[in-house]
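See below for the structure under consideration.
The values are calculated or read from the model by the stated rules, or taken from the named source; none is laboratory data. These figures come from a predicted structure and were not determined experimentally. Quick reminder, even Gly has a Cβ in these numbers, built from the backbone with ideal geometry, and neighbours come from all protein chains shown. Surface accessibility is based on the protein's heavy atoms, side chains included, excluding ligands, DNA and RNA. Shrake-Rupley method; radii C 1.70, N 1.55, O 1.52, S 1.80 Å.
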Amino acid sequence: MTQENSKNSDSGECFKCKGAEGFFYKVDGAEYWQDCECVINRRTERLIQASHITDSFRQMGFDNFDWKTGPVIVKQAFATAYKYAKEFNTIRQQRSNGLCLLGKPGAGKTHLLMATANKLLSDGIEVVYFPWVEGCADLKSNFDSLADKIHRLQTVEVLYIDDLFKGRDKPTDFQREQIFGIINYRYLNRLPIMVSSEWTIAQMCVFDEAVGSRINEMCREYKVMLDEEGLNYRLRDEV
Ligand SMILES: [Zn+2]
């Protein structure tokens, strides 16, 4: 919306900076540069394009997530994700700097992690969305580009893995090899991850001990389990 405001409708040139892309300003005699909002908007737009987050997912925010009527555990998940998004620049310095929402489908895990990703993107932080099933299929589809894609997933500022280990079957050797390469790199370099999964950490460790234990350590402080008992709590509460 701000992008519209700063754009001249005729030439496409920004009417605020007239193409200069920013402004000098003085404080106590010293001169500083400030990027124009058109530059910031273009940067955000590039981050969004690179994130693989689709338009419908872009609509998911904290303000359109209904946590007030949900079970206590959903409120807790909301509060955890909200805090993570808001304090990310402090949290990313910490040893445990990941966010992990686990448990039943339909409890809002994807919405909350998308809201977090969208907030980070709008703050100029690079996020890549990696939906487990589609992402793994994409990696496997072209071995020539595999190394480049893995490198991107290893080094992006924030990696969001949606529905890790989804499916009734055990992950394949190919999937395990790739996910270990990604998670271990990020673990060693203290790079943040966001993870959603239907599985508990213990179940992940059955699939792959090394991956499960690293995720547990990386997300220790910001991890919520939306299990059956927690999700049924509201029902008991209301009767
Ligand atoms: Zn401008």
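Looking at this structure, is residue 50 open to solvent by 30 Å² or more (accessible area, probe 1.4 Å) and in a loop (DSSP other than H, G, I, E, B)?
The answer is no for residue 50.
Could you tell me whether any residue of the range 199-210 is open to solvent by less than 80 Å² (accessible area, probe 1.4 Å), at pLDDT below 95 and touching an Asp or Glu at 6+ places or on another chain (Cβ under 9 Å)? Yes, the range 199-210 contains a residue that is open to solvent by less than 80 Å² (accessible area, probe 1.4 Å), at pLDDT below 95 and touching an Asp or Glu at 6+ places or on another chain (Cβ under 9 Å).
What do you reckon, is residue 186 farther than 27 Å from residue 115 by Cβ and among the charged types (D, E, K, R)? Judged against the criteria, residue 186 is not a match.
One residue alone among 221, 217 is touching a residue at least 60 places away in the same chain (Cβ under 8 Å), part of a helix (DSSP H, G or I) and open to solvent by 60 Å² or more (accessible area, probe 1.4 Å), and that residue is 217. Look through the range 88-116, keep the residues that are among the aliphatic types (A, V, I, L, M) and touching a Ser or Thr at 6+ places or on another chain (Cβ under 8 Å), and return whichever of them is surrounded by the most Cβ atoms within 10 Å (Cβ to Cβ). Filtering first and then ranking leaves 99.
Name every residue in the range 16-32 that is touching a helix residue (DSSP H, G or I) at 6+ places or on another chain (Cβ under 8 Å) and either more than 7 Å from the ligand (Cβ to nearest atom) or open to solvent by less than 80 Å² (accessible area, probe 1.4 Å) (or both), in order of residue number.
Pass one, the range 16-32, residues touching a helix residue (DSSP H, G or I) at 6+ places or on another chain (Cβ under 8 Å): 16-17, 21-22.
Of everything in the range 16-32, those that are touching a helix residue (DSSP H, G or I) at 6+ places or on another chain (Cβ under 8 Å) and either more than 7 Å from the ligand (Cβ to nearest atom) or open to solvent by less than 80 Å² (accessible area, probe 1.4 Å) (or both) turn out to be 17, 22.
Within the range 38-47, identify whether any single residue is open to solvent by 80 Å² or more (accessible area, probe 1.4 Å), in a loop (DSSP other than H, G, I, E, B) and more than 15 Å from the ligand (Cβ to nearest atom), and answer yes or no. No, that holds for no residue.
When the residues of the range 1-15 are filtered to those that are more than 7 Å from the ligand (Cβ to nearest atom) and assigned to a loop (DSSP other than H, G, I, E, B), which remaining residue is modelled with the lowest pLDDT? Looking at residues that are more than 7 Å from the ligand (Cβ to nearest atom) and assigned to a loop (DSSP other than H, G, I, E, B), I get 1. All conditions but one from (1) more than 16 Å from the ligand (Cβ to nearest atom); (2) surrounded by 12 or more Cβ atoms within 10 Å (Cβ to Cβ) apply to residue 35; the one that does not is (1). The set of residues in the range 58-87 being buried (at least 19 other Cβ atoms within 10 Å of the Cβ) and part of a helix (DSSP H, G or I) consists of 73, 74, 77, 78, 80, 81, 84, 85.
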